[in-house]
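Before any comments, here is the structure.
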Amino acid sequence: HAWTQTLEPRLYYLRVPYRNQDDIPVFDTQLVPFTFGQMFRTNSFVGADRQADANNLTLALTTRVLDDASGEERLSASIGQIRYFDEQRVQLPGVKPTDWNGSAYVGNLTLSLTPRWRLTVDQQWNPNSDRTDLSAVGVQHRFGAEGVVNLSYRFRRGFIEQADASALIPIGTNWRIVARNN
């Protein structure tokens, strides 16, 4: 089998000047959960009440293994971190300020074991506290023409620890059973 491996470095510099927003009430703004994809957003908040100030550089590296015959991605692995050059001054009330030395290291791995089996792993390690802040593992199995079963476990320090199981089972041309237990 012939394979192609990529190595994809990614640098993302973000500069947003500070604007005092203390006089604006907070209606629906929330922090975006920190993930690999969030490292490349222009605002660390969701909602219209706050725009984060920033002077950051995101450094990330992704590698992929592609099957040359089919073009299918068999493996994708990424790791990255945000380096903060200035303290982020715009914060939500009652939320601890961002540690401005650097973000947690965020990594994810997706492995297609076969066309029907997929494994995903997400990990977030905080060098400031020397602890894992987030860990998630998922397995997906596809069967038949449209059937799928998912099993996953997710842990976010101080927030949630849960297991999740879901399935879609075709039982006829126009009928499906959909189930989930979280």
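The values are calculated or read from the model by the stated rules, or taken from the named source; none is laboratory data. Note that the structure is a prediction, hence the values are computed from the model and not measured. Cβ sites come from the backbone with ideal geometry, for glycine too, and all protein chains shown count toward neighbours. With ligands, DNA and RNA removed, areas are computed over all heavy atoms of the protein, side chains included. Shrake-Rupley method; radii C 1.70, N 1.55, O 1.52, S 1.80 Å.
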### Answer residue from the range 18-39, given it is open to solvent by less than 60 Å² (accessible area, probe 1.4 Å) and of a type in the set (Phe, Trp, Tyr) and is modelled with the highest pLDDT among those
Phe36
### Hey, Val178 loosely packed, with under 15 Cβ neighbours inside 10 Å and in a strand (DSSP E or B) or not
yes
### Task
Pick out the one residue from Ala52, Ala77, Ala69 that is in contact with a Phe, Trp or Tyr (Cβ under 9 Å, 6 or more places away or on another chain) and either modelled with pLDDT of 90 or more or in a strand (DSSP E or B) (or both).
Ala52
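If I ask for residues that are open to solvent by less than 100 Å² (accessible area, probe 1.4 Å) and not in a loop (DSSP other than H, G, I, E, B), which ones from the range 152-163 would you list?
Those that are open to solvent by less than 100 Å² (accessible area, probe 1.4 Å) and not in a loop (DSSP other than H, G, I, E, B): Ser152, Tyr153, Phe155, Arg156, Ile160, Gln162, Ala163.
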### Summary
Asn55 fails exactly one of (1) open to solvent by less than 60 Å² (accessible area, probe 1.4 Å); (2) free of Cβ contacts under 8 Å to residues at least 60 places away in the same chain; (3) out of contact with any Lys or Arg (no Cβ under 6 Å at 6 or more places or on another chain), namely (3)
### Summary
Among residues of the range 62-88 being touching a residue at least 24 places away in the same chain (Cβ under 8 Å) and of a type in the set (S, T, N, Q), the residue surrounded by the most Cβ atoms within 10 Å (Cβ to Cβ) is Ser78
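Condition check: in a strand (DSSP E or B) and at pLDDT 90 or above. Does Thr42 satisfy that? Show your work before the answer.
Working: in a strand (DSSP E or B): no; at pLDDT 90 or above: yes.
No: the conditions fail for Thr42.
Pick out the one residue from Val148, Val106 that is touching a strand residue (DSSP E or B) at 6+ places or on another chain (Cβ under 6 Å), open to solvent by less than 70 Å² (accessible area, probe 1.4 Å), without any contact (Cβ under 8 Å) to a residue 24 or more places away in the chain and closer than 30 Å to Val65 by Cα.
On the way: Val106 fails: without any contact (Cβ under 8 Å) to a residue 24 or more places away in the chain.
Only one candidate passes the filter, namely Val148.
Pick out the one residue from Ser129, Ser103, Ser166 that is part of a strand (DSSP E or B) and polar (S, T, N, Q). Steps first, please.
Numbers: Ser129 fails: part of a strand (DSSP E or B); Ser103 fails: part of a strand (DSSP E or B).
Answer to the selection: Ser166.
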#### Entry: Near pairs, Cβ below 9 angstrom, 6+ apart or cross-chain, from the range 1-17 (more than 14 Å from Glu73 (Cα to Cα) and open to solvent by less than 70 Å² (accessible area, probe 1.4 Å)) to any residue that is of a type in the set (Lys, Arg) and not in a strand (DSSP E or B)
Leu14/Arg41
